[in-house]
Ligand code: DAK
């Protein structure tokens, strides 16, 4: 599989996707979104990959937003169509990905960049990271799920403030708001993400997929999160991982999940 705007590396039980447009601060153009979609779909089927990490190349940016050059002359229909397509191909794909996805936010995460980070299940940031949704300064609103995911993560009032002011918060502030789980120095960030991936990968992938479906169901219209939890909980009893996990516990050994 060859890519121009991303790289894909496999390390033990996790795979690392790096967005490699550092000169454009890793801005998300259409091709990058396509490549991310292709890579993610491949990782979904790759048994050895139990956790995915997404980061940006260079020392400055995770992703500085959607590529402004690409949408500057869009009309209403194009804006709507591309937002829907982008949400489906990348942002919803990440949020509903059946394997845990960690966003390693190594610098600016603005607009579509923060929206990508917020689609990840877990966010780790480096001390130099800066996050915000500057869309209203460009005359648009966040179009890749940002209005929804930011309010869920940090509450409506704080989300409105970030969206209305188009301002940025640093990593420490983002941590205090609950926007990121942990903060590390830039040198430590990827190792910390890999370490977390390793810790996660010791547990059941089948259970991860069920947990992701259940957690996400609580935020979806027309879904009853508690009912989905019951359903997914029941399904776990039919998995090999459940047999492996309980047998190992009873035998006082470590489970070896496949
Ligand atoms: N798009 C394209 N190029 C970008 C970019 C972006 N988002 N961000 C940075 N770059 C480019 C710069 O143009 C510059 O390129 P050259 O001039 O060297 O060719 C290079 O990256 C380095 O940037 P700077 O020289 O500006 O670097 P500084 O350190 O001075 O400033 C900065 C860093 C992150 C503060 C600044 O680059 C900046 O403000 N960037 C723009 C941030 C931003 O507003 N991002 C967009 C948010 S809005 C849509 C769906 C969703 C969206 C839109 C449409 N549809 C479905 C249609 C979402 C929109 C957004 O994400």
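What is the residue count in region 19-38 for residues that are surrounded by fewer than 20 Cβ atoms within 10 Å (Cβ to Cβ) and either under 18 Å from the mean Cα position of the chain (by Cα) or touching a residue at least 12 places away in the same chain (Cβ under 8 Å) (or both)?
9
Just checking, which of 163, 154, 212, 200 is in contact (Cβ under 8 Å) with a residue 24 or more places away in the chain and more than 19 Å from the chain's Cα centre (by Cα)?
163 is the lone residue from the list that is in contact (Cβ under 8 Å) with a residue 24 or more places away in the chain and more than 19 Å from the chain's Cα centre (by Cα).
Table: residues versus (1) without any contact (Cβ under 8 Å) to a residue 12 or more places away in the chain; (2) surrounded by fewer than 21 Cβ atoms within 10 Å (Cβ to Cβ); (3) more than 24 Å from residue 205 (Cβ to Cβ); (4) within 9 Å of the chain's Cα centre (by Cα).
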site	(1), (2), (3), (4)
92	no, yes, no, no
106	no, no, yes, no
113	no, no, yes, no
127	no, yes, yes, no
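Consider residue 141 carefully, then state whether it is more than 19 Å from residue 104 (Cβ to Cβ) and surrounded by 19 or more Cβ atoms within 10 Å (Cβ to Cβ).
no
Out of contact with any helix residue (DSSP H, G or I) (no Cβ under 8 Å at 6 or more places or on another chain) and surrounded by fewer than 13 Cβ atoms within 10 Å (Cβ to Cβ): does that describe residue 170?
Considered against the rule, which asks whether it is out of contact with any helix residue (DSSP H, G or I) (no Cβ under 8 Å at 6 or more places or on another chain) and surrounded by fewer than 13 Cβ atoms within 10 Å (Cβ to Cβ), residue 170 comes out as no.
Could you please let me know if residue 226 is at pLDDT below 95 and part of a helix (DSSP H, G or I)?
no
Do we have residue 58 as touching a residue at least 40 places away in the same chain (Cβ under 8 Å), more than 9 Å from the ligand (Cβ to nearest atom) and at positive phi here?
yes
Looking at 258, 243, 195, can you tell me which residue is in contact with a helix residue (DSSP H, G or I) (Cβ under 8 Å, 6 or more places away or on another chain) and under 25 Å from residue 45 (Cα atoms)?
258
Is it the case, given these coordinates, that residue 212 is touching a strand residue (DSSP E or B) at 6+ places or on another chain (Cβ under 6 Å) and under 14 Å from residue 98 (Cβ atoms)?
No; evaluated as a whole, the condition is false for this residue.
Taking the criterion of being buried (at least 16 other Cβ atoms within 10 Å of the Cβ) and on the phi > 0 side of the Ramachandran plot, would at least one residue in region 147-163 satisfy it?
no
Regarding residue 229, is this residue farther than 24 Å from residue 49 by Cα, buried (at least 17 other Cβ atoms within 10 Å of the Cβ) and more than 20 Å from the chain's Cα centre (by Cα)?
It is true that residue 229 is farther than 24 Å from residue 49 by Cα, buried (at least 17 other Cβ atoms within 10 Å of the Cβ) and more than 20 Å from the chain's Cα centre (by Cα).
Just to be sure before I move on: is residue 63 away from the ligand (no atom under 16 Å from the Cβ) and either within 29 Å of residue 199 (Cα to Cα) or within 15 Å of the chain's Cα centre (by Cα) (or both) in the structure I sent?
No, not satisfied.
The values are calculated or read from the model by the stated rules, or taken from the named source; none is laboratory data. All of these numbers come straight from a predicted model, not from anything done at the bench. Quick reminder, even Gly has a Cβ in these numbers, built from the backbone with ideal geometry, and neighbours come from all protein chains shown.
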